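Structure, as structure tokens:
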């Protein structure tokens, strides 16, 4: 057998059709595997009583002092940075049927009434400040009651509004007595 005949019968590469088919298969696998994947942006968490302060303060939509205002039984929220106009909060909101409370000068629990915004009853207004503080408030929904501190500490969850009130008063008392040591 002649050596030249044997090597000429061997193929030296892929035909154009075979290369196009391989590229098509790789493209289909790539688009099926990575369709809808967003590598650079994590999906925002829904705004809840336990993460409301951290979410607003760390939000890219706030710059310095800001105000959160919620309407429609706290299903829709608006955010205002500084003295600008309110804009719809762009992330999901999970504050449905929240009731807001504060404590008055006689240490009594008072349900907060805010009025109306765009003909909708306001259910929550919270202010956030440059120094990392916010409105100190107790929030309640069907599941739990939440104490949101003004300055330091993390939000706390309680079984009832009265337990959250007692915690608020204890924390206020310990903060006011912190200078007694000196």
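Out of all the residues in the stretch 104-140, which are outside any strand (DSSP E or B) and closer than 15 Å to residue 151 by Cα? Break it down stepwise before answering.
From the stretch 104-140, those outside any strand (DSSP E or B) are 104-108, 112-115, 118-119, 129-133, 135-136; that's our starting set.
Scanning the stretch 104-140 gives 129, 130, 131, 132, 133, 135, 136.
Return the total of residues in the stretch 87-101 being at pLDDT 90 or above, surrounded by 15 or more Cβ atoms within 10 Å (Cβ to Cβ) and out of contact with any helix residue (DSSP H, G or I) (no Cβ under 9 Å at 6 or more places or on another chain).
The number of residues fulfilling the criteria is 2.
Among the numbered criteria (1) part of a strand (DSSP E or B); (2) free of Cβ contacts under 8 Å to residues at least 60 places away in the same chain; (3) over 19 Å from the mean Cα position of the chain (by Cα), which single criterion is violated by residue 101?
The single condition residue 101 does not satisfy is (2).
Can you find, within the stretch 151-173, the residue that is farthest from the chain's Cα centre (by Cα) among those that are free of Cβ contacts under 8 Å to residues at least 24 places away in the same chain and closer than 20 Å to residue 123 by Cβ?
This residue is 160.
Any chance you could count how many residues in the stretch 117-143 are without any contact (Cβ under 8 Å) to a residue 24 or more places away in the chain and either within 18 Å of residue 73 (Cβ to Cβ) or outside the structural domain of residue 56 (by TED's automatic domain parsing) (or both)?
Applying the first criterion (without any contact (Cβ under 8 Å) to a residue 24 or more places away in the chain) to the stretch 117-143 yields 119, 131, 133, 135, 143.
From the residues that got through so far, the ones that are either within 18 Å of residue 73 (Cβ to Cβ) or outside the structural domain of residue 56 (by TED's automatic domain parsing) (or both) too are 119, 143.
Adding up the residues that qualify gives 2.
The values are calculated or read from the model by the stated rules, or taken from the named source; none is laboratory data. As the structure is a prediction and not an experimental result, all values here were calculated from the model. Note: ideal-geometry Cβ built from the backbone for every residue, glycine included; neighbour counts use all protein chains shown.
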